[in-house]
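**Student:** This is the structure I have questions about; it appears just below.
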Amino acid sequence: QVQLVESGGGLVEPGGSLRLSCVTPETLFSLYDMGWYRQAPGKQRELVARVTSRGTPSYAASVKGRFTISRDNVKKLVSLQMNNLKPEDTAVYYCQASFASRNYWGQGTQVTVSS
């Protein structure tokens with residue numbers, strides 16, 4: 001089991017920014033592909049951004065140009081910088097670690113975008 005702990009969620013006005021972080025004590029962190037997913041009320045969980053073990057990022061079309069995913073293999077940390085937030089970004093955001101066909105999830109952190 002891989003332990004993932006998210007932080008950084010909160011309430012922000014439209015147009016604002018938040019930075020989410022996900023840390024793990026996993027010693028093999030550098031081998032994992034890491035991702036951020038979100039789930040809004042009444043909707044399915046969806047991929048927001050992903051970064052491979054080699055550091056290649058990818059984004060959902062809805063967040064491209066506004067969100068940036070990054071990883072620090074020394075700190076065993078993956079971050080999601082979210083800029084120009086919109087009300088439709090409101091959701092619980094989950095960190096995911098993937099390796100050898102296994103997926104591990106954090107507990108989630110709430111992001112609410114509202115005036």
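**Student:** For ALA97, work out the one condition from (1) closer than 30 Å to SER115 by Cβ; (2) touching a Leu at 6+ places or on another chain (Cβ under 8 Å) it doesn't fulfil.
**Tutor:** (1)
**Student:** Where residues in region 69-83 are of a type in the set (Val, Ile, Thr) and crowded, with 20+ Cβ neighbours inside 10 Å, which of them is farthest from VAL12 (Cα to Cα)?
**Tutor:** That would be VAL78.
**Student:** Would you point out the residue of region 7-61, among those that are acidic (Asp, Glu) and modelled with pLDDT of 95 or more, that is least open to solvent (accessible area, probe 1.4 Å)?
**Tutor:** Result: ASP33.
**Student:** Yes or no: region 84-98 includes at least one residue that is assigned to a strand (DSSP E or B) and open to solvent by 50 Å² or more (accessible area, probe 1.4 Å).
**Tutor:** First, the residues of region 84-98 that are assigned to a strand (DSSP E or B): 91-98.
Filter once more, keeping what is open to solvent by 50 Å² or more (accessible area, probe 1.4 Å): none.
Scanning region 84-98 turns up no residue that is assigned to a strand (DSSP E or B) and open to solvent by 50 Å² or more (accessible area, probe 1.4 Å).
**Student:** Looking at region 99-115 only, could you name the residues that are under 14 Å from LEU20 (Cβ atoms) and either touching a helix residue (DSSP H, G or I) at 6+ places or on another chain (Cβ under 9 Å) or open to solvent by less than 80 Å² (accessible area, probe 1.4 Å) (or both)?
**Tutor:** Those that are under 14 Å from LEU20 (Cβ atoms) and either touching a helix residue (DSSP H, G or I) at 6+ places or on another chain (Cβ under 9 Å) or open to solvent by less than 80 Å² (accessible area, probe 1.4 Å) (or both): GLY106, GLY108, THR109, VAL111, THR112, VAL113.
The values are calculated or read from the model by the stated rules, or taken from the named source; none is laboratory data. Remember, predicted model here, so these are calculated numbers, not experimental data. Heads up, the Cβs are rebuilt from the backbone with ideal geometry, glycines too, and the neighbour counts pull from every protein chain shown. Calculation scope for accessible area: heavy atoms of the full protein, side chains included, ligands and nucleic acids excluded. Shrake-Rupley method; radii C 1.70, N 1.55, O 1.52, S 1.80 Å.
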